[in-house]
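Before any comments, here is the structure.
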Amino acid sequence: MQQRPWAVLMVCTGNLCRSPLAEHLALAWFAAALAQADTHPVGAWEPPGCAGGLLVSSAGTQARADRTMHPHAAAILTARGMDPAGFRARRLTPELILANDLVLCATRAQRSAVVGLTPRALRRTFTMREFGRLTSSVRSASLPEGGVRAIGEYLAAVAWRMRAARQAPSVAADDLIDPVNGDLHAFDECARIIGTALAHPMALLAEGARDTRAARRSPDPPVPDAAGPPSAGPTPRRPRAMARR
């Protein structure tokens with residue numbers, strides 16, 4: 001049975017600059033991390049929206065629906081080999097929040113706005129920089145088995161525990177400055193900061209996608225013989241935490 005995708009929602013104000021950058025860059029880092037280690041893929045690469053994969057989208061707390069991305073944001077993405085042409089802004093709603101498993105915001109104020117709309121989302125709503133910082137110590141050896149969804153749930157739980165246990169840093173450490181009135185350099189710097197925050201979590205999520213593909217490549221289990229025990233199959237994979245001991 002296939003799992004539904006692990007869904008991440010990026011949130012900023014107008015859904016024109018920061019959250020579209022985060023949406024596209026996160027997907028690109030996920031795909032790149034998967035492709036780098038997946039030396040024997042099964043068929044062609046499927047978009048992260050497929051079942052058992054990763055789904056990333058975005059919205060804005062004050063967005064006007066159907067507006068196109070800021071030209072500087074589009075230029076930054078195009079320079080990195082992505083196509084932003086089909087992007088259209090949308091406004092944040094409680095339904096959108098409930099439809100996603102993790103909500104990553106550009107600022108603490110937007111984080112508060114998300115929780116104000118949907119209090120149930122408290123434990124899975126962070127700023128982008130906060131989430132990157134709180135999961136920065138997670139390594140592959142500690143990840144659970146079970147694909148992208150299992151790893152995503154683990155990362156969200158780790159981030160929540162770390163936030164509850166630590167003293168909150170300054171707002172400047174969590175907030176992503178809006179480059180809307182800046183030049184192309186300001187947008188490039190924004191993309192760089194997003195990368196610092198999210199590249200590592202995306203690489204960890206790609207571990208789950210590689211697990212799923214490895215499982216698809218595994219041979220069928222041996223069929224039991226009525227005359228005796230089944231032949232020995234492949235050695236079961238141990239949990240990562242045990243394998244590293």
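The values are calculated or read from the model by the stated rules, or taken from the named source; none is laboratory data. A quick note: this is a predicted structure, and the numbers were derived from the prediction, not measured. Counting neighbours? That spans all protein chains shown, and the Cβs are built from the backbone with ideal geometry, glycine included. Note: accessible area is taken over every heavy atom of the protein model, side chains too, but ligands, DNA and RNA are not part of it. Shrake-Rupley method; radii C 1.70, N 1.55, O 1.52, S 1.80 Å.
Structure summary
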item: Residue match in segment 202-211 (condition: open to solvent by 10 Å² or more (accessible area, probe 1.4 Å) and either of a type in the set (Ser, Thr, Tyr) or at pLDDT 95 or above (or both)); result: no
item: Residue match in segment 148-163 (condition: among the charged types (D, E, K, R), farther than 18 Å from VAL11 by Cα and crowded, with 20+ Cβ neighbours inside 10 Å); result: yes
item: Whichever residue in segment 72-83 is outside any helix (DSSP H, G or I) and open to solvent by less than 80 Å² (accessible area, probe 1.4 Å) and, among such residues, is farthest from ALA22 (Cα to Cα); result: GLY81
item: Residue match in segment 223-233 (condition: under 23 Å from GLU153 (Cα atoms), of a type in the set (D, E, K, R), modelled with pLDDT under 85 and open to solvent by 40 Å² or more (accessible area, probe 1.4 Å)); result: no
item: Qualifying residue in segment 5-24 (condition: at pLDDT below 95, assigned to a loop (DSSP other than H, G, I, E, B) and either more than 24 Å from LEU184 (Cα to Cα) or not β-branched (Val, Ile, Thr) (or both)); result: yes
item: Spans of helices (runs of 4 or more DSSP H) in segment 84-200 with at least 2 residues among the β-branched types (Val, Ile, Thr); result: 108-117, 147-165
item: Every residue from segment 84-104 that is open to solvent by 30 Å² or more (accessible area, probe 1.4 Å), out of contact with any strand residue (DSSP E or B) (no Cβ under 9 Å at 6 or more places or on another chain) and either touching a residue at least 60 places away in the same chain (Cβ under 8 Å) or within 18 Å of LEU21 (Cβ to Cβ) (or both); result: ALA85, GLY86, ARG88
item: Residue count, segment 53-71 (criterion: in contact with a Gly (Cβ under 8 Å, 6 or more places away or on another chain) and surrounded by fewer than 21 Cβ atoms within 10 Å (Cβ to Cβ)); result: 4
item: The lone exception for GLU145 - which of (1) modelled with pLDDT of 95 or more; (2) among the charged types (D, E, K, R); (3) open to solvent by 40 Å² or more (accessible area, probe 1.4 Å); (4) within 23 Å of ASP101 (Cα to Cα) it fails; result: (1)
